[in-house]
Amino acid sequence: MSSNVEELYKRIKDDPETSKGLFRQALQDPQGALKAICELGASFNLPVTAEEVKTYLARMDDDADTNQWLIKARGGL
């Protein structure tokens, strides 16, 4: 399943509107953002669980944007 999480993250990252929307949601409703990420995965036929998303994000160290996301959204994600 980790390949699903990786592919989903890539798709989200490649869509600035979706990325910004999820970031804003994560600031106010981290659990809702996590649910939205899982729903996006299902819509792309890339099913992921909330735990898979959290594990993947926790392991990431790819750039400043991801680190900023993790710092601000860590409370719920």
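Reported count of residues in the range 24-33, each being crowded, with 16+ Cβ neighbours inside 10 Å, of a type in the set (A, V, I, L, M, F, W, C) and over 22 Å from Asn45 (Cα atoms), is 1. For the range 1-19, the criterion of a residue being at pLDDT 95 or above, loosely packed, with under 13 Cβ neighbours inside 10 Å and assigned to a loop (DSSP other than H, G, I, E, B) is satisfied by no position.
Just one of the listed residues (Ala42, Ala36, Ala50) is more than 12 Å from the chain's Cα centre (by Cα), surrounded by 11 or more Cβ atoms within 10 Å (Cβ to Cβ) and at pLDDT 90 or above, and it is Ala42.
The values are calculated or read from the model by the stated rules, or taken from the named source; none is laboratory data. Bear in mind that the values here come from a model prediction, so they are computed numbers and not experimental data. We place every Cβ from the backbone using ideal geometry, glycine too, and count neighbours over all the protein chains shown.
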